[in-house]
Amino acid sequence: MTFYALGLDYGSDSVRALLVDTANGEEVATKVVPYKRWNQGLYSDPAKSRFRQHPLDYLEGLEQAVQGLWAGAPEGAAQRVVGISVDTTGSTPVPVNSDGVALALTPEFADNPNAMFVLWKDHTAIKEAQQITAAAAAAPENYLKYEGGIYSSEWFWAKALHVLREDPAVRDAAYSWVEHCDWMPAVLTGTTHPDKFRAGRCAAGHKVMWHASWGGYPPNTFFAGLDPVLDGLRDRLPAETYTSAEVVGLLNSDWADKLGLPVETPVGFGAFDAHMGAVGANVKPGVLTKVMGTSTCDITVAQYEDIGEKCIRGICGQVDGSVIPGLVGLEAGQSAFGDLYAWFRDLLTWPLHSLLPKSDTVNESTYKALQEELEDKILAALGEAASRIPVGETGITALDWVNGRRTPDADQTLSMAISGLTMGSQAPHIFRALVEATAFGARAIIERFKEEGVAIDSVVVIGGISKKSDFVMQTCADVWNCPIDVLESEQSCALGAAIFAATVAGIYPNVEAAQRAMASPVCKTYQPNPEAAAQYNQLYKQYQNLGAFVEGALT
């Protein structure tokens, strides 16, 4: 009999349900559901770097995605699902009350953005992140030494502190805070109440300052010293954490009915999308997996003996078992990758949205059709034109920090810059410089890993961009001067979740065995062009110099 694993992948814009054959990793059926409120632009304010998502988007999206999955699945497949696992963006925490209910699910806070999930790319907590970094550096033990030494405004404690300071009503009602990747499994298993709630290793170790060497989280005195609004929150977090190869609990009857799944199906502990995506990409020591989407997350793993007591500078954490149990998971990434291209697209298409609707020349249906057609084609056309420009000919150097810098050395106060523009600079020239900037930013991460003694022998890329643009991928291969493997799967993060689902179901004895049977094969490899790689070595120095100037290191 064929058995299936269900992987649920919560991205920035939508939730994806993926049904996978546990015997061979075949992706049998998939369903993607956009978040209704998020895609209407509700509760966010990009001008203030505020990005919030309503928990109902997650819950309604889950029900619609899984129910929609069965239309394309083999008959009776739902009753042969043996395990469920979930990945989400992160750090994306939410305040919960003393019953474990997300505040935005209560009438009082239904429309309050501060009571909602604070999405990973929300940068409203820059000041709080700086204060946490300074306090950790001044403490007798630096509680950030396993998280790269710098706390980010994209992470749990900074976000909680910012919201608690800003909103007295939320502060009074919030009993605790929960990461999205931990909340979803708890919802499915009916374990959201603080008396029952348990947390996964991934979010806790990479974003919430958990480490076994100090017995869980830093002491309450550390957080209360930052601000009394944090007093006691640390003690309301579960001190023990679990890898994603372990079972949170069993699917409860309420959600089994809503999703059309068997009651008491095992549900695994959740993790961040990039970490499970790396598992779907068959990550192993020496292999760096890059998840290329709106941002990037770079994931690799290392043996304990290779890491030892080293604390890797300027990354997003080194956590025992956060990716694969028995190995140290290491995370880095860029705050903007596809988002930088989207920013440029939106810049160029401003007249389509601001002037065309007011035109007396075209009717409403025509201008909407034009908007849709041009937005769909513009990046591909820019890439095609940019690919014909020889390396180094534009004279333009750009930084990729349009949404701050995640790694190496997190600093969300930084802004992007472009130098070398002339009257001859056209849109394809600028776009080529932006693509090179994202590749240079990724190279800085690879070089930091190598400088710190972490082996990076090859790169595997997953995510939408890897399938959409030969130009982007070839530029990356040339800038990094190494081959790049692109995976066949269109849903690598959901596939990684399904691999964990098969593991928690007991189909395989461990994650590595499940990977060998189910991980995605390679569909294409990009080889570096030696001549271009040599030229990019020089252009990379210009990128570094521009970055140093923007940071104030050069005068």
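When restricted to residues that are exposed (fewer than 12 other Cβ atoms within 10 Å of the Cβ) and of a type outside the set (G, A, S), the range 343-363 contains 8. Considering (1) surrounded by fewer than 17 Cβ atoms within 10 Å (Cβ to Cβ); (2) assigned to a helix (DSSP H, G or I); (3) touching a residue at least 12 places away in the same chain (Cβ under 8 Å), the lone condition that A23 does not fulfil carries the number (2). Among the residues of the range 112-129, which ones are surrounded by fewer than 21 Cβ atoms within 10 Å (Cβ to Cβ) and free of Cβ contacts under 8 Å to residues at least 40 places away in the same chain? The answer is K127, and nothing else. For the range 177-204, the set of residues classified as surrounded by 24 or more Cβ atoms within 10 Å (Cβ to Cβ), touching a helix residue (DSSP H, G or I) at 6+ places or on another chain (Cβ under 9 Å) and in a helix (DSSP H, G or I) consists of H180, C181, D182, W183, M184, L188, C202, A203, A204, listed by residue number.
Being buried (at least 24 other Cβ atoms within 10 Å of the Cβ) and closer than 20 Å to G333 by Cβ narrows it down to one residue among A501, A497; which is it? Break it down stepwise before answering.
On the way: A501 fails: closer than 20 Å to G333 by Cβ.
Going through A501, A497 in turn, just one is buried (at least 24 other Cβ atoms within 10 Å of the Cβ) and closer than 20 Å to G333 by Cβ: A497.
Considering K284, K196, K258, K207, which residue is modelled with pLDDT under 95 and among the basic types (K, R)? Even if it seems obvious, please write down each step before you answer.
Values: K196 fails: modelled with pLDDT under 95; K258 fails: modelled with pLDDT under 95; K207 fails: modelled with pLDDT under 95.
After ruling out the rest, the residue left standing is K284.
The numbered conditions (1) at positive phi; (2) crowded, with 22+ Cβ neighbours inside 10 Å are all true for G149 except (2).
For residues that are touching a Phe, Trp or Tyr at 6+ places or on another chain (Cβ under 8 Å) and among the β-branched types (V, I, T), scanning just the range 315-345, find the one that is farthest from V402 (Cα to Cα). The selected residue is V328.
Against the test of being out of contact with any Gly (no Cβ under 6 Å at 6 or more places or on another chain), surrounded by fewer than 24 Cβ atoms within 10 Å (Cβ to Cβ) and either farther than 18 Å from I299 by Cα or basic (K, R) (or both), the options C523, C482 yield a single qualifying residue, C523. Considering the conditions (1) outside any loop (DSSP other than H, G, I, E, B); (2) buried (at least 19 other Cβ atoms within 10 Å of the Cβ), D235 is excluded by exactly one of them, (2).
Could you list all residues from the range 307-326 that are surrounded by 15 or more Cβ atoms within 10 Å (Cβ to Cβ) and either touching a Ser or Thr at 6+ places or on another chain (Cβ under 7 Å) or more than 23 Å from M292 (Cβ to Cβ) (or both)? Scanning the range 307-326 gives I307, C311, R313, G314, I315, C316, D320, G321, P325.
Identify the residue in the range 137-163 that is in a helix (DSSP H, G or I) and either touching a Pro at 6+ places or on another chain (Cβ under 8 Å) or free of Cβ contacts under 8 Å to residues at least 40 places away in the same chain (or both) and, among all such residues, is farthest from C202 (Cα to Cα). Top of the filtered list is A138. Selection within the range 409-438: residues that are more than 15 Å from F344 (Cβ to Cβ) and modelled with pLDDT of 95 or more. The member of this set that is surrounded by the fewest Cβ atoms within 10 Å (Cβ to Cβ) is M423.
The values are calculated or read from the model by the stated rules, or taken from the named source; none is laboratory data. Everything quoted here is computed from the prediction, not taken from an experiment. Because the Cβ atoms are built from the backbone with ideal geometry, glycine has one as well, and the counts that use them run over all protein chains shown.
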